[in-house]
Every structure is written in C-alpha cells, then in structure tokens.
Amino acid sequence: MIQLNHQMKGRMSLMRSAEQFYPSLLNWAGECDWIRVVLQTSSRTNPHAFRDRFTDYDIELYVNNLEWFLQDNWLSHFGTLIAAAPLKPAIDQLHITRLVLFDDGTKMDFQIYQLDLLEKVSQLPPEYDNGYEVLLDKDKLTPLFKPPSFQAYHVKPPTKDQYAELVNSFWWDTSYVAKSLWRDELFFSKYMLDSIIRINYLQPMIEWHIGVQHSWGVNPNKHGRWFKRYVQPALWTRIEQTYAGSSVEDNWNALFNTMNLFSELAIEVGAYLSYPYDKEMEERLTAYCKNIYTLP
C-alpha cells in the first residue's frame, strides 16, 4: 500500500496559482539588477498546448552576471525547495540550468543565459517559435523578435529513405526480443521491446500516423505525451495492448501486438506517402519470431 505524506498532500492542495506566481517572479526579477530580460516558453505560451495543475513554468533569464546564479540561494524566494536538477549548478556554454520542484508541487524550469547570447539571436529558435512571451525587458532588447508560428514541433513526414530504414530496423530488432524471451532474459527483452522498439520505431510511426490524420498540423509532444489526445480510442486500446508486466507470456503477447500494430500503421503511412512497404520482410520476421515462440 502506498504511504501518503499528509503534510505534503496538504501543501500540494494549496499549489500556488499563476496569479500568485507571476507577480512574485516579476517583483523579484525587477529588483535584481543582474536580470535584464525574462521570457516564458513552452506549454504556458502555446495556445495549442494542453495545460493542467502540474504544468511547469518554463522561465528563461538573460543576465549580465551568470556567476551570481551558481549559488542556489536565490531560489528561496520561490519557496521551500524539495528537489533540483542537475545536482549542482554549473555554467555550460554560457548558460545555467536549474530545474526545481517546491513543496507545494510547483515546478519551475529555469534556463539562465549570459545576456550577450540574446543579442546574437537573428531568428527565432525552435523553442521560441513553439511559443514564447516576454515577461520583462528592462533594456528593450526584444522588440525585433518575430511572433511565434507555433509550428516548430509539428510532426514532419519522413523521407523515403527514413521510412524504409525505420521499417527495416523495426523488423530486425523483433528477433532480439523473441530470442531473449525464449531464453527467459526478461530484463534484456524489456529493454529491446520497451526502449529500443517502442521509442525508436513505434513512437515515430505513431507520430507519422498522427501527421497523416491531422495533415501534419499538430504537435503530439515529446515521447508520446499527447498520443492519447490525437489518436482514435480504438487505436489507443491497441497501443495499451503493447505493454506488459513481468510475465514472459504477457511479453510474448505484447511483442506480437506491437508487430501487428506497427505493420498496420506502417502500411497506412507508406500508402499515404507513396512509399513501398517491405511486406516480405515482415512475413519472414513474423514467421521467425513465431517459430521461436513454439520451441520447447
């Protein structure tokens, strides 16, 4: 049974609102001479993004004293810290990353840049084109920024070679899952099925399917976060059936479900893009895996 920390639960029920957060941020930034520009990016600035109570505040600070932020004392302004990453702040290519979580459940992702970098921005980087908002600009450095198009991370169709290589790699790697399941090598089989095959091959194929269904005009977010919002319920049920626990038999079922699902999506995407699909490769590897499944 999961043990609840009732004190933490009480704090999270009082998670600060946006109406509380922004004045606190801007009052602090306005009083700190090192900070010259404050930008907000990501979900809270993109009208097409999905937001809820756990949506991060993605804040970018452009400063003229980067070293001052190498100590985390400044974070106490925002509350009681319960975790931060990386473990210690460090300057990497003229910027510092502080991903922080507070005891009321509020998460803030700070990217802190040397001010000189802002002056070198000649066109919107993808993360700004996906959505940004200028919260504070003490020196009028941002008026020339173009408005975001919100299209930077839309699904893009694969080239013919990208599609063919991914299809080939998917079917090749199914053989590793089958052999490791027969050997009762659960850890390796899960690595191949749930990491390599799911993330490297099934995920982009689902993304391409979503691109086809939505005319390449949506962003399903990274690592399938918004897949459930963009696929039909029947397809989502099929995706759920590609997951399994620790039972070897369940993982065999998950493998075959993954193979069937990938085949259908790949054929659909290939037909839409007029790319050939290697059905013979699928049939050979499917027979190979099923033969291993029947071995004593």
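The values are calculated or read from the model by the stated rules, or taken from the named source; none is laboratory data. Bear in mind the structure is a predicted one, so any value in this text is a computation, not a measurement. FYI the Cβ positions are ideal-geometry reconstructions off the backbone, even for glycines, and counts take in every protein chain you see.
For the stretch 218-236, does any single residue satisfy the condition of being in the same structural domain as Leu285 (by TED's automatic domain parsing) and closer than 25 Å to Lys179 by Cβ?
Looking through the stretch 218-236, none of the residues is in the same structural domain as Leu285 (by TED's automatic domain parsing) and closer than 25 Å to Lys179 by Cβ.
Residue under question is Asn221, and the condition is that it be closer than 25 Å to Ala164 by Cα, modelled with pLDDT under 95, of a type outside the set (Ser, Thr, Tyr) and surrounded by 14 or more Cβ atoms within 10 Å (Cβ to Cβ); does it hold?
Yes, satisfied.
Please note which strands (runs of 3 or more DSSP E) are completely contained in the stretch 49-156 and include at least 1 residues that are without any contact (Cβ under 8 Å) to a residue 40 or more places away in the chain and of a type in the set (A, V, I, L, M, F, W, C).
Correct list: 81-85, 95-102.
If you take the residues of the stretch 77-136 that are more than 27 Å from Phe50 (Cβ to Cβ) and among the basic types (Lys, Arg), which of them is surrounded by the fewest Cβ atoms within 10 Å (Cβ to Cβ)?
If we take residues in the stretch 77-136 being more than 27 Å from Phe50 (Cβ to Cβ) and among the basic types (Lys, Arg), then Lys120 is surrounded by the fewest Cβ atoms within 10 Å (Cβ to Cβ).
Which of the residues spanning the stretch 162-187 are touching a residue at least 12 places away in the same chain (Cβ under 8 Å) and under 21 Å from Glu249 (Cβ atoms)?
Residues satisfying the conditions are Asp173, Thr174, Ser175, Tyr176, Val177, Ala178, Lys179, Ser180, Leu181, Trp182, Asp184, Leu186.
Can you name the condition, by its number, that Gly211 falls short on among (1) out of contact with any Asp or Glu (no Cβ under 7 Å at 6 or more places or on another chain); (2) touching a residue at least 60 places away in the same chain (Cβ under 8 Å)?
Looking at each condition in turn, Gly211 falls short on (2).
Looking at Met8 and the list (1) surrounded by 13 or more Cβ atoms within 10 Å (Cβ to Cβ); (2) modelled with pLDDT of 90 or more, which single condition is not satisfied?
The one condition Met8 does not meet is (2).
Across the stretch 11-47, which residue is surrounded by the fewest Cβ atoms within 10 Å (Cβ to Cβ) among those that are of a type in the set (Lys, Arg) and at pLDDT 95 or above?
Arg44
Does Ile59 fit the bill of being touching a Pro at 6+ places or on another chain (Cβ under 6 Å), within 22 Å of Leu26 (Cβ to Cβ) and either crowded, with 17+ Cβ neighbours inside 10 Å or assigned by TED's automatic domain parsing to the domain that holds Gln20 (or both)?
The answer is no for Ile59.
It is to be established whether one or more residues within the stretch 146-160 are more than 21 Å from Arg44 (Cα to Cα) and surrounded by 17 or more Cβ atoms within 10 Å (Cβ to Cβ).
yes
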